[in-house]
Amino acid sequence: MTPVLHSPRFWLLTAAAVLAAGTTFSLGQWQLRRAAQKEALQVAVESKGRLPALDARALLAAPNMADEIHRPAVLKGNWRPEHTVYLDNRPMAGKTGFVVLTPLVLEGSAQAIVVQRGWVPRDFADRTRLPQVATPAGTVTVEGRLAASPSRLYEFQGIETGRIRQNLDLPAYRAQTGLPLLEVSLLQTGAASEGLLREWAAPNLGVDKHYGYAFQWFGLCALVFILYGWFQLVLPFRARIHSRRPTSRDQLP
């Protein structure tokens, strides 16, 4: 009988176990590296939030506005309420409603920026009924932090128009309004006002998710070793020991 350690099946299963363990271990390490990258980015985001607030002049003079995302800003300008849009299906405080967007023409400039002014609940009896939002006339001061364009949900075909939209396509919105809108937006912060709630979630880069995935991959790696050791080493060893024990018939004279 061919010894177990010399059988082709044994070496085939050994190679498969090594490959599976190596793959899952590598994937776990990759998730840890991703978590480390996200943690470094989270530190950078928090550092941005502690910088002095930008005004309109400093913002417009920035070499790359995208590099200023997450930085505080205090901007003066005039609202353009005729271009206000409502992004649908946006949750806040455990409820679903609209995020209200209004362009702000910056003081002393023709440039404008989209301001994510806050959140309002929707009327579930009449989806087309828009809630009342006060928009002050004249020059206003808006505090917030710079952000990318509003997050996108599932897409509809074609360019959206009208007051209620699923997403904001910035180039299309720029063309519709005729305003020279900046590539960044302003997430208005502060207490609730003008009928708007501003309980924005803190920036979350999903670091915990990567640690969770790493734990799963390392767990699978350990499971491969355990199953391999049990079925390929322990059980065959026990079977050989059992086969070598003398039976009662062997002990008869």
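The values are calculated or read from the model by the stated rules, or taken from the named source; none is laboratory data. A quick note: this is a predicted structure, and the numbers were derived from the prediction, not measured. Don't worry about glycine lacking a Cβ; one is built from the backbone with ideal geometry, like all the others, and counts go over all protein chains shown.
Against the numbered list (1) touching an Asp or Glu at 6+ places or on another chain (Cβ under 6 Å); (2) aliphatic (A, V, I, L, M); (3) surrounded by 12 or more Cβ atoms within 10 Å (Cβ to Cβ); (4) under 21 Å from residue 81 (Cβ atoms), residue 134 comes up short only at (3). Output yes when any residue across the range 179-188 is touching a residue at least 60 places away in the same chain (Cβ under 8 Å) and of a type in the set (D, E, K, R), and no when none is. Yes, because at least one residue in the range 179-188 is touching a residue at least 60 places away in the same chain (Cβ under 8 Å) and of a type in the set (D, E, K, R).
Say whether the condition of being free of Cβ contacts under 8 Å to residues at least 12 places away in the same chain, closer than 30 Å to residue 145 by Cα and surrounded by fewer than 14 Cβ atoms within 10 Å (Cβ to Cβ) is met by at least one residue in the range 7-18.
Taking the range 7-18 first, the residues free of Cβ contacts under 8 Å to residues at least 12 places away in the same chain are 7-9, 11-12, 15-16, 18.
Pick out the ones that are also closer than 30 Å to residue 145 by Cα and you get none.
Looking for residues that are free of Cβ contacts under 8 Å to residues at least 12 places away in the same chain, closer than 30 Å to residue 145 by Cα and surrounded by fewer than 14 Cβ atoms within 10 Å (Cβ to Cβ), one finds none in the range 7-18, hence no.
Of the residues screened, residue 153 is one that is touching a residue at least 40 places away in the same chain (Cβ under 8 Å) and either of a type in the set (Val, Ile, Thr) or more than 20 Å from residue 58 (Cβ to Cβ) (or both).
Is it fair to say residue 170 is out of contact with any Asp or Glu (no Cβ under 8 Å at 6 or more places or on another chain), closer than 23 Å to residue 88 by Cβ and crowded, with 16+ Cβ neighbours inside 10 Å?
Working: out of contact with any Asp or Glu (no Cβ under 8 Å at 6 or more places or on another chain): no; closer than 23 Å to residue 88 by Cβ: yes; crowded, with 16+ Cβ neighbours inside 10 Å: yes.
Judged against the criteria, residue 170 is not a match.
Taken over the range 161-178, residues that are closer than 21 Å to residue 132 by Cα and touching a helix residue (DSSP H, G or I) at 6+ places or on another chain (Cβ under 8 Å) amount to 1.
In the range 163-178, which residues are touching a residue at least 60 places away in the same chain (Cβ under 8 Å) and of a type outside the set (S, T, N, Q)? The answer is 163, 164, 165, 168, 173.
For the range 58-96, give me each residue that is of a type in the set (Gly, Ala, Ser) and within 20 Å of the chain's Cα centre (by Cα). The answer is 66, 93, 94. Scanning the range 189-214 for residues that are without any contact (Cβ under 8 Å) to a residue 24 or more places away in the chain and closer than 30 Å to residue 30 by Cα yields 201, 202, 204, 208, 209, 212. Name the single residue, out of those in the range 19-52 being among the small types (Gly, Ala, Ser), under 26 Å from the mean Cα position of the chain (by Cα) and surrounded by 14 or more Cβ atoms within 10 Å (Cβ to Cβ), that is modelled with the highest pLDDT. Looking at residues that are among the small types (Gly, Ala, Ser), under 26 Å from the mean Cα position of the chain (by Cα) and surrounded by 14 or more Cβ atoms within 10 Å (Cβ to Cβ), I get 28. Restricting the range 121-143 to residues that are modelled with pLDDT of 95 or more and under 28 Å from the mean Cα position of the chain (by Cα), the residue that is nearest to residue 164 (Cα to Cα) is 142. Restricting the range 46-79 to residues that are in contact (Cβ under 8 Å) with a residue 12 or more places away in the chain, part of a helix (DSSP H, G or I) and charged (D, E, K, R) leaves a set whose member that is nearest to residue 184 (Cα to Cα) is 68.
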